[in-house]
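Participant: The structure's right below; bear with me while I get my questions together.
The values are calculated or read from the model by the stated rules, or taken from the named source; none is laboratory data. Fair warning: this is a prediction, and the values are worked out from it, not measured in the lab. Here Cβ is always computed from backbone atoms with ideal geometry, including for glycine, and neighbour counts include all displayed protein chains. For the accessible areas, the whole protein counts, side chains as well, though only heavy atoms, and no ligand, DNA or RNA atoms are used. Shrake-Rupley method; radii C 1.70, N 1.55, O 1.52, S 1.80 Å.
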Amino acid sequence: MDQPVRLQVNGREYRLLVPVHRTLLEVLREDLGLVGTKHGCELGECGVCTVLVDGKPTLSCLLLAVDAEGHEVTTIEGLGQDGALHPLQKAFAELGALQCGYCTPAMILTAKALLEENPTPTPEQIRDALSGVFCRCTGYVKIIEAVGTAARHLSAGTSGSR
Ligand code: FES
Ligand code: FES
């Protein structure tokens with residue numbers, strides 16, 4: 001059964017007719033073309049499908065699209081402003097905190113939520129916040145460093161450019 005739904009994604013409203021069982025992950029990737037949100041286990045275990053819903057990290061594979069109505073969804077495509085990368089994106093790129101990049105959108109969005117709640121996290125707090133997102137490549141050290149670097153730039157009000 002299809003149901004009309006109005007979604008707010010990255011500040012834009014989308015009106016869609018979607019099957020009631022369709023997940024937000026499927027709608028984002030397949031209907032809206034926002035493929036920065038990654039498709040992993042679809043079981044709530046790997047974390048790579050994380051988006052922000054009203055600013056909170058949320059597994060988009062476990063949320064029905066119809067239940068996202070009335071909430072503001074942010075994907076990695078909505079993070080940069082006016083063509084400029086977010087300081088977290090810059091820090092990940094400059095420190096080489098990624099290899100294949102599959103986990104990176106979820107890592108960055110989860111880190112964004114952390115820094116909004118706690119602008120000066122300790123490495124332990126960063127590790128804890130990111131613990132639900134699995135990276136199969138990097139070993140996490142650079143990822144933790146990149147979040148710390150971005151936190152320092154954001155706190156200092158600098159862009160993060162070298
Ligand atoms: S795809 Fe693995 S938790 Fe959503
Ligand atoms: S960079 Fe490949 S999964 Fe994290």
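Participant: Confirm whether Thr50 is within 11 Å of the chain's Cα centre (by Cα), over 23 Å from Arg15 (Cβ atoms) and touching a residue at least 24 places away in the same chain (Cβ under 8 Å).
Facilitator: Values: within 11 Å of the chain's Cα centre (by Cα): yes; over 23 Å from Arg15 (Cβ atoms): yes; touching a residue at least 24 places away in the same chain (Cβ under 8 Å): yes.
In short, yes.
Participant: Restricting to the range 1-27, name every residue that is open to solvent by 50 Å² or more (accessible area, probe 1.4 Å), of a type outside the set (Lys, Arg) and over 18 Å from His39 (Cα atoms).
Facilitator: Within the range 1-27, Met1, Asp2, Gln3, Pro4, Gln8, Asn10, Gly11, Glu13, Leu17 qualify.
One line per residue, one yes/no per condition, for (1) surrounded by fewer than 23 Cβ atoms within 10 Å (Cβ to Cβ); (2) away from ligand 1 (no atom under 16 Å from the Cβ); (3) closer than 29 Å to Glu13 by Cα:
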{"site": "Leu85", "(1), (2), (3)": "yes, yes, yes"}
{"site": "Gly101", "(1), (2), (3)": "yes, no, yes"}
{"site": "Leu114", "(1), (2), (3)": "yes, yes, yes"}
{"site": "Thr120", "(1), (2), (3)": "yes, yes, no"}
{"site": "Glu124", "(1), (2), (3)": "yes, yes, no"}
{"site": "Val133", "(1), (2), (3)": "no, no, yes"}
{"site": "Ala146", "(1), (2), (3)": "no, yes, no"}
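Participant: I need a count of the residues in the range 148-159 that are of a type in the set (A, V, I, L, M, F, W, C) and either open to solvent by 60 Å² or more (accessible area, probe 1.4 Å) or in a loop (DSSP other than H, G, I, E, B) (or both). Give the derivation first.
Facilitator: If we filter the range 148-159 for residues that are of a type in the set (A, V, I, L, M, F, W, C), which is where we start, we get 150-151, 154, 156.
So of that shortlist, the ones also either open to solvent by 60 Å² or more (accessible area, probe 1.4 Å) or in a loop (DSSP other than H, G, I, E, B) (or both) come out as 154, 156.
Adding up the residues that qualify gives 2.
Participant: Follow-up. Pick from Asp67, Asp2: which is within 16 Å of ligand 1 (Cβ to nearest atom) and more than 30 Å from Gly157 (Cα to Cα)? Don't jump to the end; show me each part of the working.
Facilitator: Numbers: Asp2 fails: within 16 Å of ligand 1 (Cβ to nearest atom).
None of the other options fit; the residue is Asp67.
Participant: Sticking with this one: Can you name every residue in the range 89-146 that is within 17 Å of the chain's Cα centre (by Cα), touching a residue at least 60 places away in the same chain (Cβ under 8 Å), assigned to a helix (DSSP H, G or I) and farther than 17 Å from Lys56 by Cβ?
Facilitator: Lys90, Ala91
Participant: Output the number of the condition that Gly44 fails; it satisfies all remaining conditions of (1) loosely packed, with under 15 Cβ neighbours inside 10 Å; (2) within 14 Å of the chain's Cα centre (by Cα).
Facilitator: Here Gly44 meets the rest and fails (2).
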